[in-house]
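A short write-up of the structure that comes next.
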Amino acid sequence: MFRIVQRHIGLFAALLVFQCGLYLHAQAPIVEEPDYTPTLTFDVATIRPAPPPDANFHVSVSSPPHSSRFEATNLPIKALLQIAYGFDAPVGGAPDWVANTFYNIQARSDEAADARLARLTDNEVRLEKRNAIRVLLAERLGLKTHLETRNTSIYNLVVGKGGVRMQVVPPPPANGEAPPPPRPADVQAHGSQHGLEFVGSNATMRAITGALSSMVEAPVVDKTGLTGTYNYTLQFGREWSQRDPESWPSIFIAVQEQLGLKLEAVHESVPNLVVDHIAKPTDN
């Protein structure tokens, strides 16, 4: 397992950071509010290189909903960029270390900021925390970016001919009261000599497309029309498993055979996040 992690650490990071909810609430996307201006910044923040990976390598992110606290372990800066600017825009122009160097991050504001966040709507909190991470990137890494529309390869996710093969999760009973909040989505990731395995639970299509996007390294757009929540297992081969006679199929075949969905490649003009300048964070 150590050799797998060491040689393919970027792939493991891509999927493992997702399981920790990098959408800052995977079930609910950030909605732009033109009349709302976020102002949250971190009062205290450390960004330190993570220790060399070993057999217990893992990535974790903790970002409580109504708290300014943000903590990450073994997080690549590319993932932090995607948290701040969204997973739907491909990142271009960044140096290699942005994707293959990992950091431990601890950041928070003060109690007054936490009290203010507790009074905001969920979407306003997401806007505030995204702003704080953007400011952190600009101050500590000198980040400068611009959005540029480019003709880019993306994937549309559609329902396959045989229909959905994932397990539908029934909604929790309301008991005559206000409906309970949706259960959080979760994706556990496991590597083996056969490839990678995703075990997803309580996953909306947004969560599923996010997990797939991390593996095909391109935006995945939900065109299924599905609105439910699902449990699923997805097993697919990777570079290190190609010589294994029992290697799992490619992710494209696995999505069709195991989920009953299909990834269709298309080229469209989509916004790309172009990195104009970024520097490795200094010791702090």
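For THR152, indicate whether it is buried (at least 19 other Cβ atoms within 10 Å of the Cβ) and over 18 Å from the mean Cα position of the chain (by Cα). Here the answer is no, as THR152 does not meet what is asked. Restricting region 134-157 to residues that are modelled with pLDDT of 95 or more and basic (Lys, Arg) leaves a set whose member that is nearest to TYR85 (Cα to Cα) is ARG134.
When region 84-118 is filtered for residues that are within 27 Å of ASP43 (Cβ to Cβ) and in contact with a helix residue (DSSP H, G or I) (Cβ under 6 Å, 6 or more places away or on another chain), the ones remaining, listed by number, are ALA84, VAL98, LEU117. Scanning region 120-133 for residues that are modelled with pLDDT of 95 or more and surrounded by fewer than 19 Cβ atoms within 10 Å (Cβ to Cβ) turns up just one, ASN131. In region 77-119, the residue that is most open to solvent (accessible area, probe 1.4 Å) out of those that are without any contact (Cβ under 8 Å) to a residue 40 or more places away in the chain and of a type in the set (A, V, I, L, M) is ALA112. Considering region 213-241, and only residues there that are in a loop (DSSP other than H, G, I, E, B) and open to solvent by 50 Å² or more (accessible area, probe 1.4 Å), the residue that is nearest to GLN193 (Cα to Cα) turns out to be GLU217.
If you go through region 242-264 and pick out every residue that is in contact with a helix residue (DSSP H, G or I) (Cβ under 9 Å, 6 or more places away or on another chain) and either among the small types (Gly, Ala, Ser) or open to solvent by 30 Å² or more (accessible area, probe 1.4 Å) (or both), you end up with 5. Close contacts from region 248-259, counting a first residue that is in a helix (DSSP H, G or I) and a second that is open to solvent by 50 Å² or more (accessible area, probe 1.4 Å) and modelled with pLDDT of 95 or more, with Cβ to Cβ under 6 Å and a gap of 6+ residues or different chains, come to GLN256/LYS262; LEU259/ARG165. GLY195: on the phi > 0 side of the Ramachandran plot, surrounded by 13 or more Cβ atoms within 10 Å (Cβ to Cβ) and modelled with pLDDT of 85 or more, yes or no? Yes.
Among the candidates PRO181, PRO171, PRO219, the residue that is modelled with pLDDT under 95 and under 15 Å from the mean Cα position of the chain (by Cα) is uniquely PRO219. Checking each residue in region 269-284 for being touching a Ser or Thr at 6+ places or on another chain (Cβ under 7 Å), open to solvent by 40 Å² or more (accessible area, probe 1.4 Å) and either of a type outside the set (Asp, Glu) or under 18 Å from VAL216 (Cβ atoms) (or both) picks out SER269, PRO271, ASN284.
The values are calculated or read from the model by the stated rules, or taken from the named source; none is laboratory data. Just so it is clear, the model here is predicted, and its values are computed rather than measured. No Cβ is skipped: glycine too gets one built from the backbone with ideal geometry, and neighbour counts run over all protein chains shown. Note: accessible area is taken over every heavy atom of the protein model, side chains too, but ligands, DNA and RNA are not part of it. Shrake-Rupley method; radii C 1.70, N 1.55, O 1.52, S 1.80 Å.
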